[in-house]
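The block underneath contains the structure these notes are about, expressed in structure tokens.
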Amino acid sequence: MAKYEIVGGNRLEGNVVISGAKNAVVAILPATLLVQGVCRIENVPNISDVRILLDIIRSLKAKVRWTDDSTVEIDTTEVEYCEPDPKLVTQMRASYYMMGALLGRYGQAHVALPGGCNFAARPIDQHVKGFLALGADVTETDDFVDIKAGPDGLHGARISLDVVSVGATVNIMLAAALMEGQTIIENAAKEPHIVDLANFLNTMGARISGAGTDTIKIKGVEKLHGATYAVIPDQIEAGTYMAAVVAAGGDVLVQNVIPKHMECITTRLREMGARITEYDDSIRVVRDGPMRRITVKTMPYPGFPTDMQAQICVCMAIANGISRLTESVYETRFFGYCTELQHMGANIVINGKTATVTGTDQLVGNTVTAKDLRAGAALIIAGLAAEGTTTVKNIHYVERGYERLIEKFTQLGASIRRIEE
Ligand code: EPU
């Protein structure tokens, strides 16, 4: 077990370089299983979710190696169909992309139910709806999902998702890329990582159009080939550093970002009083005056991301006035961090989907526990802004999704260290 100890109160100054996007790379790595050949994936963050996923891919007899700090080469020439190691699969959420990838490549998949951050009930009925429409038979038990071609075989289909789901959209794209016929996903997710996966698959020879809109068309092809591809920068990691500057005060150039992806976040931080300047692939965030109250509702992209809910809540907790934060994707997500923030002096009242946050002059350091990845990020931000020392426990959640976090914050002048217990 390890924890972070943060001494709050330092302004953040300097540059931070954003890593590759976690939620893109966890879809792109399983997609390499659709080819028999070599893929080189660049801008890969070395985070624990990626390391587990690479172990899952290794467990299928792929040859995986890091050729430098951020490039992974995956050789799938000798991969044969087998069940991904359930011990690994249950350690993370995105391991459910093995279902789509194996169904797409081998016409069958027997995969344990995923683990990962459990801040809400996270059903997979829309993934299953997609697999059934593509002609699969799906059997679910308490621990496993078994998917195989049904009596009429696998084929393209028109699938209208009942809820906008990133995971279901990815799984259907993975399953359908090599399938005979055309698949149309309606009410598809539009997140940047969906577009990134489509771009990667198209680089490998797939025929996917419409990614980034709510209708994605996949014309099945017979074969895909190996490719070299660079993952997009992480929107949420960038947003987390931006929120940290807003909460702690400072002047930071956030580098290696796609400013367009950040608009839903920059708009809100500007409303709070931050001065934000966008460049081609970087964003400067300055906050030196008082912060204003805001109203935020999380929505699928291009709305304000649920994965930034906790981080913006910290900014609200020290802004002037009463802010309102409404969660429309995962209702129970507040419970992962609001009690901990209250232990640091935040004034938050939760009523169903909405948190009412009354700004306080100063948060105060305390010992708090991360209950999921973004909750942990929020507690770190709170610690940076607070008076005194904050200890954040359970940081294995944070290390799932933030590469070299201590190094990056230290470089910005924060006082933060990792302590092995
Ligand atoms: N949903 C269903 N049925 C399904 C799938 C989803 O009802 O079959 C519901 C969910 O309960 C939720 C909504 O649809 O209310 C959206 O869920 P989605 O499927 O989009 O979430 P996900 O694919 O499981 C990804 C990210 C999450 C992020 C959400 C929403 C990955 C690996 N995870 O999860 O990221 O919160 O989309 O944007 O891409 C994180 O990075 O911290 C994280 C949790």
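Okay, here's what the table says:
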| item | result |
| --- | --- |
| Helix 192-203 vs. the chain, principal-axis angle (Cα, 0 to 90°, nearest 10) | 30 degrees |
| Cα-based shape type of region 145-229, given that a ≥ b ≥ c are square roots of the gyration tensor eigenvalues and the cut on a/c is 1.5 | oblate |
| For the chain: relative contact order, % (alpha-carbon pairs under 8 angstrom, 6 or more apart) | 21 percent |
| Relative contact order [Cα under 8 Å, 6+ residues apart], region 186-277, whole percent | 21 percent |
| Efficiency of FRET between VAL163 and THR389 - r from beta-carbon atoms, R0 45 angstrom, step 0.05 | 0.60 |
| Neighbour cut-off at most 13 other Cβ (10 Å), DSSP loop, trypsin sites (Lys or Arg not before Pro), region 203-284 | LYS223 |
| Cleavage-rule hits (chymotrypsin sites (Phe, Trp or Tyr not before Pro)) in region 225-309: DSSP loop, at most 14 neighbouring Cβ within 10 angstrom | TYR279 |
| For the chain, with +1 on Lys and Arg beta carbons and -1 on Asp and Glu, the positive-most of ILE419, PRO192, ALA317 along the dipole | ALA317 |
| Solvent-accessible area per residue, Å², over region 319-421 with all protein chains present [probe radius 1.4 Å] | 40 Å² |
| Cross-link pairs beyond the 20 Å C-alpha cut-off, checked among LYS22/LYS190; LYS22/LYS260; LYS3/LYS408; LYS22/LYS297; LYS3/LYS353; LYS129/LYS217 | LYS22/LYS297; LYS3/LYS353 |
| Apportionment of accessible area to carbon and sulfur, region 246-288, percent (1.4 Å) | 39 percent |
| Proximal aspartates and glutamates to LYS61, defined as alpha-carbon separation beneath 18 angstrom and excluding residues fewer than eight positions away on the same chain | GLU73, ASP75, GLU78, GLU80, GLU83, ASP85 |
| Length released on extending from CYS82 to ASP146, taking residue separation times 0.36 nm less the Cα-Cα span | 21.8 nm |
| Which of THR203, MET308, THR67, positive extreme of dipole for the chain (C-beta unit charges) | MET308 |
| Potential extension, GLU73-GLN182 segment - 0.36 nm per residue separation minus Cα distance | 36.2 nm |
| Scattering profile of region 15-137 at q = 0.14, 0.21 Å⁻¹ [log10 I(q)/I(0), Debye over alpha-carbon scatterers] | -0.60, -1.26 |
| Whether region 131-190 is rounded, prolate or oblate, judged on the alpha carbon gyration tensor where a/c under 1.5 counts as rounded | oblate |
| Percent carbon-and-sulfur accessible area, region 330-407, ignoring ligands, DNA and RNA, probe 1.4 Å | 45 percent |
| Cα-based equivalent ellipsoid of the chain: semi-axis lengths in Å, sorted from largest, via gyration tensor | 38, 21, 20 |
| Accessible area expressed per residue, region 147-284, with surrounding protein chains retained (probe 1.4 Å, Å²) | 37 Å² |
| Potential lengthening between GLU271 and GLU222 on full extension [0.36 nm per residue; Cα-Cα distance subtracted] | 12.6 nm |
| Cα long-axis angle, helix 373-385 against the chain (0 to 90 degrees, to the nearest 10) | 20 degrees |
| Acute angle (nearest 10 degrees) that the helix 22-31 long axis makes with the longest principal axis of the chain, alpha-carbon atoms | 10 degrees |
| Region 1-112 - charge dipole about Cα centre, Lys and Arg +1 at Cβ, Asp and Glu -1, debye rounded to 20 | 200 debye |
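The values are calculated or read from the model by the stated rules, or taken from the named source; none is laboratory data. These figures come from a predicted structure and were not determined experimentally. Backbone-built Cβ (ideal geometry, glycine too); neighbour counts: all protein chains shown. The accessibility values were calculated without ligands, DNA or RNA, using every heavy atom of the protein model including side chains. Shrake-Rupley method; radii C 1.70, N 1.55, O 1.52, S 1.80 Å.
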